[in-house]
Structure formats: structure tokens, C-alpha cells
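The structure under discussion appears below in the form of C-alpha cells.
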Amino acid sequence: MIKPVRVRFAPSPTGALHIGGVRTALYNFLLARQTGGTMILRIEDTDQTRFVPGAEEFIIESLQWAGIKIDEGQGVGGPYAPYRQSERKPLYKKHVEQLIASEKAYYAFDTEQEIEDMRNHLKSVGSSNQQYGIHSRLQMKNSLSLGGDETQQLIDGGTPYVIRAKVEAGKEVVVNDLIRGTVTVLSDTLDDKVLMKSDGMPTYHLANVVDDYLMKISHVIRGEEWLPSAPLHVLLYQYFGWENEMPQFAHLPLLLKPDGNGKLSKRDADKMGFPIFPLTWIDPTTKEVAVGYREAGYLPEALINFLAFLGWNPGTEQEIFSMDELIKSFSIERIGKAGAKFDIQKAHWFNQQYIRAKSDEEQANYLLASLAQENILCSQELAIKICNALKERVTFPQDFWLQGKFFFVAPTSFDQQVISKKWNAEAVSVLTAYSAALNNANPLTADIAKATLDTVTTELGIGTGKILQALRTSITGGASGPDLMITIEILGAAEVTKRINYALQTIDIIK
RNA sequence: GGCCCGUUCGUCUAUCGGUUAGGACACCAGAUUUUCAUUCUGGUAAGAGGGGUUCGACUCCCCUACGGGCUACCA
């Protein structure tokens, strides 16, 4: 019998969700959707010292924005609630006691200092293995070295303790990874990881294995940084007697810095000027604001498409994939093994593709939204016209406003380069005549604007090309922009003549 | 240091023993656009190094180099 697919995204609320986390969640989600399985959100908040208020809400909102729907778990509920690990404490206690009873785990009373001393000692004698484990545990203060009576006395006396896994010596531990194949590790190189901390909270390793088992998780898809501890997890499944229910593992390649080497970090993103978080995040302690992908103008479908291709590809030459197409094409087998450097240029390209593919109305809404912020009124009809003129030149929604500002606000300054190079007697004579000629043109279409200009230049015997830059600048203030004749049509004769006349007066004065 | 993972154009990647090593982003050039952008056409550019295995290796094996991850009572 094939187990139904149940995957989980299990972030810890220690800060804002990172863009790499979004990709991990995405891959989990794609597998779930493709197989008709279940996508679960579990909050791994077992480190009470690192809890950050608002982080959990941020995670949930981020996934929502990205279109990654949670079927079960924190925020939506489900048959295995609670989905916040801090609320599952008794479960871990019960299970770790089972491990103690079967002698797969033990109590340890060592202080931080004692552990450090042990490491330093082993280092000084040249030992390559300085771990708390097979080779050192009998020299430490734990229930293995102390014996049952003394252990009980210490516990009863209130001595703080942790519970550690008792890793068996001389065993080959095999992790079968869907991406990396078989990874074999000798148990002697593993350490006796802490399973339960002295505050009674489980560590990641315990909580993860217990919850994945209890929640009937079929696939553990997570970052490669977990690969080194996967053997311990395999061992825990064995110790619990859950080998047959063990999920399949898939350790994802990491997202790397764009330049140089190393894991992608917030620092890199800040340095290179791109977001690292899906949504804007205000650090609750430093109040530092980190602009998110959403606020920077990235479309969720573009970001998802971009992210999906960082480490995965469909094997065809198609690059633009909707979420539904990703769901159909996704496969774990086609995930690469090597880390992927994060190249924001490609994200820009995806965003541009998606913006262009939007309907007239949607594009107009982007512009209208910006205009509303500026308190500028504009009909949808006009907004569509302007967006049509601009659509081939935008990457982000706000570009419609940024690049089309002159449609609403007459220029008060003019491009210096154009003025110094193209603003001459010929230009002035054409603009003067053109402005006058336009006065009679009603209605003014792009064709009429063009014909009128041709007539003027022909009469004056001046090539149109020589004065076009000057004309554009007088109307828009800039040196480049959408088709000038369409721009003139949108602006209308009255506005255009007003602007040309203003430029003629102002620029002459400047000169 | 130890353990583990990885290594094809600048970047993301295709290739699952036989290809002129393909595509995309970026970049460069030309054409179109009387601007810029768009669009179109073309171009520069890659199998880390060394050994094997094989009739034949980017592809399989080994070594080296390089890169990365982990090495917490953090996840």
C-alpha cells in the first residue's frame, strides 16, 4: 500500500521567513498538490529564547501571498493539532521516556563548563573527535557513568539535566535521500545529541521525528543544512521502532549569495539591493525595516516561477510556468544537487513577463493605485490608454506611474543633455510653429499630430529627426519615453501647446 | 580539525557513454523603432585538474583541488 503524501513545512518563528524558506515550502506544496496529498504547516517554536513576536503571523501571511495554500496545521487546524510544538510538550516527554526505558537515551548533568573542558582536553591530546558521544560519554556526568541510584538522587535533588540520545557504536547508518541517493555514515562519528533540554523542551531532532511520525508525514523535504543530522533522525526512527513508518527524505540544495560564496543572507540582499523576505518586515527590537518582495513590486506568480527554477527544471525549454503548470510538471527527481546562486536579474525578467501578460484592466489598476496615493484622479479609460503606451517598458507595477508621471504632472525642468545638444534655433522655430498649428487640431489623434508636425517641418525645411528630442523634452521633460505622437494624443492639444510654450519661455530664459 | 554534500557558459540549467555540448538571464553587435524601451537576427562564453574503466567519456570509478553545509541545552 502506498502511503498518502503528507508533507510539512516546519519553520521556526525566530524571525521573518526567508526567501529560501519560501522555496522549501513551495516544493513541499507542489508535491502535495501533484499527488492529491496534504500540505501541513507546523511551527517549530521549541527555542523559547529565540521567539520573535509576529514571526508566525508573518510566515502564514507570506505563504498566503505566495499562493502556497496550507491544508492542515497552524492557522487552519486539523486532526493532529496542536501544530505548534511548544503546545505539544507532553508528547515529547512521553516519547523520550520511552527511549530512556529502552536504554536508547540517557540523562546528562554536565554543566556547560564541564563539556567545554572535555572538548578542550580531547583537542589537546589530538583527538579528531571532540564530541560528547561514544568515545567520551563514560567520562562525563550522566546516568551511564553514574548509575541508577546516583542519577535518581540528582534528579530528585533538582539538578538540571538534559536527555541525550545514546548512539550505538560501530553501525553504518544509511540515509536514503531522494535527491542525493544513499548517504552512509558511521555511527561513531555521530554525537549523543541533546534530545530534551533542561527546560523540558525538546530539541529540533526529537520534536521533528516525533511529530513527523505522529502526523504521518510521508516526505521530509527540507534544506541541505539538515543532511548532517539526518543520520541521527534515522537512528531515532529505529530506536522508536518506527522504521517502517519513516518518511522519505529529500534535502534541497541551498540558495547561495549572488557573488562570492556562502549561504544567501539578509546582508547580501541588502548589499545588492534586493529583498530577502517575501513581505516587508519590521524587526520588533531594532525597528529596522526590510522591504519585502510584495512591496517592492514583485508579482507572487513571478516570484514563484523564479524560485521554482532555482534548483529545479522541467527538462523542457519552457520557462514560464503558472502554479498549476508547476504542479503538473514538478518532480523531486529533477531537483538538482548543487546550490544555486541567487540572481535577481532573472527575477526581474520573470516579473516583466508576468506584468506584460496582465490584462489592460489589471495594468490600469496598478497605475490607478499609484495615482490614488498621489491623490490624482484618472478614469480607467485613460489609465488603460497610458498603460498601453507604457506596457513594453515596465518591470514593476509602480513603473507605470514612475515612467508615466509626466502624463499627469507637467515638467518644470528639462533634460540637460537634450537642451545643450538639441535646443537650438531650428528647434525653437519648429516648436513655436508646431504649438501654433496644434491649436487648431481638434480632435488631436496621433496621426494628426504626426501629420501636423510633418507639415511644419516641411514648411520650415528642417528634418523632423533633428528636433524630435527637443520636442519630447518640452512635453515630457525627459529624453526618452513612449511613442511621442501617442503621448501627444493622450495629453491633448491644449496641454501640449501649453507645455511647449512653457518650455519655449523657460528654456530661453535659462539659456 | 572532523563528518557530510557538491563542481557544465558570468548566472540558472539541459545532457541520464557516441551531440557542431542545447536553452534562458545578463552582456555585445546588427536590423526595426526619426528617442529610449520593445521586437527580430546574430555573437562572445562552459564540462576544476589528474588518473583509470571503455572502441568511445561531461556522463561510471578513484585521487587531488576548490566550494558549500554541519560540528549548540538554535532551528
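Miscellaneous remarks
- Any chance A:Leu206 is within 12 Å of RNA strand B (Cβ to nearest atom) and either in a strand (DSSP E or B) or among the basic types (Lys, Arg) (or both): no
- Of the numbered criteria (1) crowded, with 20+ Cβ neighbours inside 10 Å; (2) more than 9 Å from RNA strand B (Cβ to nearest atom); (3) within 30 Å of A:Tyr366 (Cβ to Cβ), the one A:Phe342 fails is (2).
- The residues of the range A:188-198 that are closer than 20 Å to A:Asp110 by Cα and either more than 6 Å from RNA strand B (Cβ to nearest atom) or touching a Leu at 6+ places or on another chain (Cβ under 6 Å) (or both), listed by number, are A:Leu190, A:Asp191, A:Asp192, A:Lys193, A:Leu195, A:Met196.
- Count of the range A:452-466 residues, restricted to those that are near RNA strand B (Cβ under 9 Å from one of its atoms) and either at positive phi or in a helix (DSSP H, G or I) (or both), is 6.
Residue-wise test of (1) free of Cβ contacts under 8 Å to residues at least 60 places away in the same chain; (2) of a type in the set (Val, Ile, Thr); (3) closer than 19 Å to A:Arg334 by Cβ.
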site: A:Arg8; (1), (2), (3): no, no, no
site: A:Pro11; (1), (2), (3): yes, no, no
site: A:Thr14; (1), (2), (3): yes, yes, no
site: A:Leu31; (1), (2), (3): no, no, yes
site: A:Glu44; (1), (2), (3): no, no, no
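- The single condition from (1) within 15 Å of RNA strand B (Cβ to nearest atom); (2) modelled with pLDDT of 95 or more; (3) of a type outside the set (Gly, Ala, Ser) that A:Leu122 fails is (2).
- A Cβ distance below 6 Å, combined with a sequence gap of six or more or placement on separate chains, defines the contacts here; from the range A:331-343, residues that are under 19 Å from A:Ile19 (Cα atoms) reach residues that are in a loop (DSSP other than H, G, I, E, B) and within 6 Å of RNA strand B (Cβ to nearest atom) in the pairs A:Ile335/A:Gly311; A:Gly336/A:Gly311; A:Gly339/A:Leu254; A:Ala340/A:Leu310; A:Ala340/A:Gly311.
- A residue that is part of a helix (DSSP H, G or I) and either more than 10 Å from RNA strand B (Cβ to nearest atom) or at pLDDT below 95 (or both) can be found somewhere in the range A:170-187.
- Among (1) over 22 Å from A:Trp65 (Cβ atoms); (2) in contact (Cβ under 8 Å) with a residue 12 or more places away in the chain; (3) within 16 Å of RNA strand B (Cβ to nearest atom), the one test that A:Met246 misses: (3)
- All positions within the range A:72-88 that are of a type in the set (Ser, Thr, Tyr) and within 15 Å of A:Asn28 (Cβ to Cβ): A:Tyr83
- Residue match in the range A:279-293 (condition: small (Gly, Ala, Ser), within 16 Å of RNA strand B (Cβ to nearest atom) and either closer than 30 Å to A:Ile332 by Cα or surrounded by 21 or more Cβ atoms within 10 Å (Cβ to Cβ) (or both)): no
- Test: residue in the range A:265-277 that is out of contact with any Gly (no Cβ under 7 Å at 6 or more places or on another chain), within 14 Å of RNA strand B (Cβ to nearest atom) and of a type in the set (Gly, Ala, Ser): yes
- Pick from the range A:414-451, criterion closer than 11 Å to A:Ala470 by Cβ and assigned to a loop (DSSP other than H, G, I, E, B), ranking: nearest to the chain's Cα centre (by Cα): A:Asp415
- Residues of the range A:69-96 that turn out to be assigned to a loop (DSSP other than H, G, I, E, B), in contact (Cβ under 8 Å) with a residue 12 or more places away in the chain and within 16 Å of RNA strand B (Cβ to nearest atom), as a count: 2
- Verdict on A:Pro202 being surrounded by fewer than 17 Cβ atoms within 10 Å (Cβ to Cβ) and at pLDDT 95 or above: no
- Counted residues, the range A:344-357 - those being within 24 Å of A:Ala389 (Cα to Cα) and in contact (Cβ under 8 Å) with a residue 40 or more places away in the chain: 8
- Extreme residue, farthest from the chain's Cα centre (by Cα), among residues of the range A:467-511 that are crowded, with 19+ Cβ neighbours inside 10 Å and not in a helix (DSSP H, G or I): A:Gly477
- Picking from residues in the range A:1-22 that are surrounded by fewer than 24 Cβ atoms within 10 Å (Cβ to Cβ) and among the basic types (Lys, Arg), the one that is farthest from RNA strand B (Cβ to nearest atom) is A:Lys3.
- Count of the range A:39-70 residues which are of a type in the set (Ser, Thr, Tyr), farther than 10 Å from A:Ser12 by Cβ and crowded, with 22+ Cβ neighbours inside 10 Å: 1
- Among the candidates A:Gln380, A:Gln403, residue that is closer than 20 Å to A:Ala446 by Cβ and either in contact with a Lys or Arg (Cβ under 7 Å, 6 or more places away or on another chain) or surrounded by fewer than 16 Cβ atoms within 10 Å (Cβ to Cβ) (or both): A:Gln403
- Residue check, A:Lys337 within 14 Å of RNA strand B (Cβ to nearest atom) and either touching a helix residue (DSSP H, G or I) at 6+ places or on another chain (Cβ under 9 Å) or not in a helix (DSSP H, G or I) (or both): yes
- Yes/no for A:Ala25 being touching a strand residue (DSSP E or B) at 6+ places or on another chain (Cβ under 6 Å) and farther than 16 Å from A:Gln74 by Cα: no
- Picking from residues in the range A:247-278 that are aromatic (Phe, Trp, Tyr) and assigned to a loop (DSSP other than H, G, I, E, B), the one that is surrounded by the fewest Cβ atoms within 10 Å (Cβ to Cβ) is A:Phe274.
- Top-ranked residue of the range A:294-330 - restricted to ones that are part of a helix (DSSP H, G or I) and without any contact (Cβ under 8 Å) to a residue 40 or more places away in the chain, ranked as surrounded by the most Cβ atoms within 10 Å (Cβ to Cβ): A:Ser329
The values are calculated or read from the model by the stated rules, or taken from the named source; none is laboratory data. Quantities reported herein were computed from a predicted structural model and do not represent experimental measurements. Every residue, glycine as well, gets a Cβ built from its backbone with ideal geometry; the counts of neighbours run over all protein chains shown.
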